[in-house]
Amino acid sequence: MAGSGRSSLSTKRLETALVLVLIAAAFALRLVQLGADSLWYDETVSTFLAGQPVAELVAHTARDIHPPGYYLLLKGWLSLSGYPAGQAGASGFGLEFMAAFLSTGFGVLLVPLAWQLARGLALPRPAPILAALLAALSPFGVWYSQEVRMYTLGASLGVICLLATIPFLGQDRPVAVCRRAAVVYAGAAAAGLYTLYYFAFLLVALNALVLPLMFYRRTRAGLGLWLAAQAGALLLFLPWLPVAVRQATNPPVPPWRSLPPLSQVVVESWTALSFGQSATPLAFGLLLLLTLGLVASAVVWAIRGDWLAFAADPGLRSSLGSSASHASSLAPSRGLAVGLLLTAAFGPLLLIYLVSLITPLYHVRYLFIYSPAFSVLLALGLAVLGRWRWPLGRWLMAGAALLLVLGSAVSLRALWTDPVLAADDHRSAVREMAERWRPGEAILVNAGYAYPALLTYWPLPVAWHGRLTEFEPAMLSRAAADQAAVILQTGHVDGAANLGWGDPRSDFYAVSSDEIRQQMAALAEAGARLWHYRIYDTVNDPQGVIRGELDSGWRLFDDRVYAGEANLRVQGFQPPRQPSASMLSAEYAKRLTLQVPSGAVPDAVVSGSTLDVPGVTWTLHQDGAEQPLAISLRLVDERGDVWVAHDELLGGNTGPAPDGLPLLQPLHFDVPAGTPPGVYRLELVVYEVSSGNTLEATAGPLAAGTQAILGEVEVQRPVPAPTASDYLADFGPVHLVEASSPATSVSPGDQVPVALLWQAAPAAGSESLIVVVQLLDEDGRVVASLEEEPLQGRYPTLAWQPGELVADRHSLGLPAGLAAGRYWLIAGLYRATDRNRLTTAAGRDYAVIQEIEVR
């Protein structure tokens, strides 16, 4: 007996260790490409709502179709992880990773929960460890562990409800145990309802199993506690219940799905539960038959066991119904154990399908919250197979398990590599649109409720966001002055009047075709370009009223389709309005005419801001239609050095048409922070994309040979001065913020260009400093050196203001006889008065820029 106890303890420790290994493996698996893709629409709704104040978050969800629980949890998580506004950072990927990490955590939690569910049901070994294995490798689980939605949270709460249901299924139930289970059930059920309304289907299915059993057994205590658990969950959910009832009985959104045929529902659901949504029924047909056989084996095992228990001596029930190591007075019979799993896995699906006959609710994604029970069923089927004939059963179990693992691996590979499964690329679409957008231009989101995707990734200020029906042309001019965007959203064109319950704050609302045409005319009259952000617009505008308006007078100049199943598309349109007559021009032979409104070039611009030249138009002549053209807008100093160069296609990706109609393309670029103050020429170069050949500006007041001179612009220092948050080196009165060189491999005698960005310390006194740029060999000897004031003396440090950023350029000449090898490029400073080098806090008198190889 003592030996048997030690063996049992050793087995439990081994199983616990295996579960810990599977938890680690599940975590690693769910980190693969986590946050690599753009957030898709539903996910941006999550981050958008999480970025709102709590009161607005709750109010917004009350006008939508989901409860607020998950969004509140996500809000807390994003606040802790550095994204309290729910907006993506400039570099990208951070928000996507951190927001999905919450789902990842609950997805990993499903591994020990599946293991514990199999143990709680007293399933024979090795079913519990196999359940943990299948939950860890589940492609369905990995998919939703990487999605910024509430599904893994709902699935975890669902398993907790199943665990709390188990004591009510056992024959011998201590009241204290059932009481604790009722409390856990009530809390988890209420939390599940606050997470996702589809959780209610699981609760209804569980009651359909437990209540008849209670009445059959006539166990008043158990029935009372079970009903108390339901009442407790309902009581906790009561504050939100009126909202939920209204949303369920009178949805505020337009219908966007229909019920597929029953055969499709069955095949699609079984495939997703078995190998995830990245598997296809045709390719996985044999493996789907395997999972069907495993579930059938579990059912046969339960029926056979309960029949034998009924026919045999009641004292044998425990040994027939469960393994000795897992036997418990709380464990249900085989039939009830498998019945609970079948009820949890398929009961909600049946209910959803039946309700969908009235109003379509079915979508395969919602099945995930019921999927852990399916994993346990498969694990039981494997365990039953292994207990068949020795040793054939063990080999069959191992082979079947291997096939499941291989099938999961193939499905996971498709999940991560198949472009068909890629998320709608809002990240690229919005950021590329932001690069082409110019101040004073409108952005039309159609369907309008998709605006969270735009706001999540939009990197620029937003002056106004609202309904197209509320648009006034003056909004564009006011927004242009602030370099901010005007974002217009459309409603459901000619939709039902009760959409959004008539709430003026709702994202869903009806708008008439006449209102659309009137407002599109107002947009055309405003004379600005329009960006059309198209996704789900066939749902919002099924008759294509907006598309028809744009096709009937507006001119398409840019059209891009992005990855993802929804065919996300961004289009740029020019309004049907001719430019004003007061223009300065440049002629490019017989190919192109440039026209710039008089006074459009600003007299001054602040360093670190943007420079805009509105109203610029181009006319392409017939002889210019042969080659795609591009333009390069440049800021050039008095020495001829180019400080800013912005290149873009002429006419977007559609190119200007040789139809004689002017193409409106305002000029725009960022003036980098640190650009030295002074007067610069604004030059424009036109060149062929394929050859790079420059077009000559042959006539007109702006023509100047290889370029057009648009005017002179004074670059001014910002007030107050910006502050850098990080430094490459702190030299006391001056900080080196950035340092770089395009030269990585050079030859003796070459010139090495160096770009430095300095910042004067806020409290530093004015003194003359000399910049030192040197090349050191591997022994630290100086082999090349340059000493000069910033910008070759054109902007000495005595002129710098405290806190001012200054971009500085130098060119270090290398000796002709320099030996080949590795060298280090460094930068430093010394005082002009005493030639003493300034040192950093680390005690060095230089900062390393980069390593350079001399060939």
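Okay, residues lined up against (1) open to solvent by 40 Å² or more (accessible area, probe 1.4 Å); (2) more than 14 Å from residue 356 (Cβ to Cβ); (3) at pLDDT 95 or above; (4) not in a loop (DSSP other than H, G, I, E, B):
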| position | (1), (2), (3), (4) |
| --- | --- |
| 248 | yes, no, no, yes |
| 254 | no, yes, no, no |
| 258 | yes, no, no, no |
| 271 | no, yes, yes, yes |
| 274 | no, yes, yes, yes |
| 288 | no, yes, yes, yes |
| 292 | yes, yes, yes, yes |
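For segment 394-423, the set of residues classified as of a type outside the set (S, T, N, Q), touching a Leu at 6+ places or on another chain (Cβ under 8 Å) and surrounded by 15 or more Cβ atoms within 10 Å (Cβ to Cβ) consists of 396, 397, 400, 401, 404, 407, 412, 414, 415, 421, 423, listed by residue number. The residues in segment 761-794 that are assigned to a loop (DSSP other than H, G, I, E, B) and under 44 Å from the mean Cα position of the chain (by Cα) can be counted, and the count is 4.
Among the residues making up segment 794-812, those that are open to solvent by less than 30 Å² (accessible area, probe 1.4 Å) and either more than 20 Å from residue 738 (Cα to Cα) or of a type outside the set (Phe, Trp, Tyr) (or both) are 797, 803, 804, 805, 806, 807, 808, 810, 812. The condition of being over 30 Å from residue 340 (Cβ atoms) and modelled with pLDDT under 95 holds for residue 421. For segment 504-545, a residue qualifies if it is open to solvent by 30 Å² or more (accessible area, probe 1.4 Å), out of contact with any helix residue (DSSP H, G or I) (no Cβ under 7 Å at 6 or more places or on another chain) and either at positive phi or not aliphatic (A, V, I, L, M) (or both), and the qualifying residues are 504, 505, 512, 514, 518, 525, 534, 538, 542, 543. Among the conditions (1) part of a loop (DSSP other than H, G, I, E, B); (2) out of contact with any Ser or Thr (no Cβ under 7 Å at 6 or more places or on another chain); (3) open to solvent by 40 Å² or more (accessible area, probe 1.4 Å), residue 123 misses just one, which is (3).
The requirement of being touching a Pro at 6+ places or on another chain (Cβ under 9 Å), among the small types (Gly, Ala, Ser) and open to solvent by less than 30 Å² (accessible area, probe 1.4 Å) is fulfilled nowhere in segment 92-110; no residue meets it. Taken together, 505, 478 contain a single residue that is more than 21 Å from residue 554 (Cα to Cα) and not in a loop (DSSP other than H, G, I, E, B), which is 478.
Which of the following residues is without any contact (Cβ under 8 Å) to a residue 24 or more places away in the chain, more than 26 Å from residue 242 (Cα to Cα), assigned to a helix (DSSP H, G or I) and not β-branched (Val, Ile, Thr): 17, 26? The match here is 17.
For segment 215-266, the tally of residues that are in contact (Cβ under 8 Å) with a residue 40 or more places away in the chain and at positive phi stands at 0.
For residue 660, the conditions (1) small (Gly, Ala, Ser); (2) modelled with pLDDT of 85 or more; (3) in a loop (DSSP other than H, G, I, E, B); (4) touching a strand residue (DSSP E or B) at 6+ places or on another chain (Cβ under 7 Å) all hold with the exception of (2).
Against the definition (of a type in the set (Lys, Arg) and part of a loop (DSSP other than H, G, I, E, B)), how does residue 173 come out, yes or no? When the stated conditions are applied, residue 173 passes them. Quick one: what pairs do we get from segment 800-814, first residue on the phi > 0 side of the Ramachandran plot, second in a strand (DSSP E or B), C-beta under 7 Å, 6+ apart or different chains? Note: pairs meeting the criteria are 803/759; 803/760. Would you call residue 438 open to solvent by 10 Å² or more (accessible area, probe 1.4 Å) and not hydroxyl-bearing (Ser, Thr, Tyr)? Against the criterion (open to solvent by 10 Å² or more (accessible area, probe 1.4 Å) and not hydroxyl-bearing (Ser, Thr, Tyr)), residue 438 does not qualify.
Could you tell me whether segment 30-52 includes any residue that is modelled with pLDDT of 95 or more, part of a helix (DSSP H, G or I) and over 17 Å from the mean Cα position of the chain (by Cα)? No, because not a single residue in segment 30-52 is modelled with pLDDT of 95 or more, part of a helix (DSSP H, G or I) and over 17 Å from the mean Cα position of the chain (by Cα).
Being farther than 20 Å from residue 737 by Cβ, touching a Lys or Arg at 6+ places or on another chain (Cβ under 7 Å) and surrounded by fewer than 16 Cβ atoms within 10 Å (Cβ to Cβ) is a property that residue 767 lacks. Of the candidates 370, 362, the single residue that is touching a helix residue (DSSP H, G or I) at 6+ places or on another chain (Cβ under 9 Å), among the aromatic types (Phe, Trp, Tyr) and open to solvent by 10 Å² or more (accessible area, probe 1.4 Å) is 362. For segment 441-470, filtering for residues that are in a strand (DSSP E or B) and surrounded by fewer than 22 Cβ atoms within 10 Å (Cβ to Cβ) leaves 6.
Of the helices (runs of 4 or more DSSP H) that lie entirely inside segment 298-416, those containing 3 or more residues that are at pLDDT 90 or above span 334-356, 371-386. Does segment 688-717 hold any residues that are acidic (Asp, Glu) and outside any strand (DSSP E or B), and which are they? Selection gives 696 alone. Here residue 67 passes the criteria (1) buried (at least 16 other Cβ atoms within 10 Å of the Cβ); (2) assigned to a helix (DSSP H, G or I); (3) at pLDDT 95 or above except the one numbered (2).
Taking the criterion of being open to solvent by 10 Å² or more (accessible area, probe 1.4 Å) and under 37 Å from the mean Cα position of the chain (by Cα), the residues of segment 150-182 that qualify are 153, 157, 160, 163. When residues in segment 665-687 are screened for being more than 30 Å from residue 739 (Cβ to Cβ), part of a strand (DSSP E or B) and open to solvent by less than 30 Å² (accessible area, probe 1.4 Å), 3 of them pass.
The values are calculated or read from the model by the stated rules, or taken from the named source; none is laboratory data. Bear in mind the structure is a predicted one, so any value in this text is a computation, not a measurement. Cβ coordinates were reconstructed from backbone atoms using ideal geometry, including for glycine residues, and neighbour counts include every protein chain displayed. Areas reflect the complete protein model, heavy atoms only, side chains present, ligands, DNA and RNA absent. Shrake-Rupley method; radii C 1.70, N 1.55, O 1.52, S 1.80 Å.
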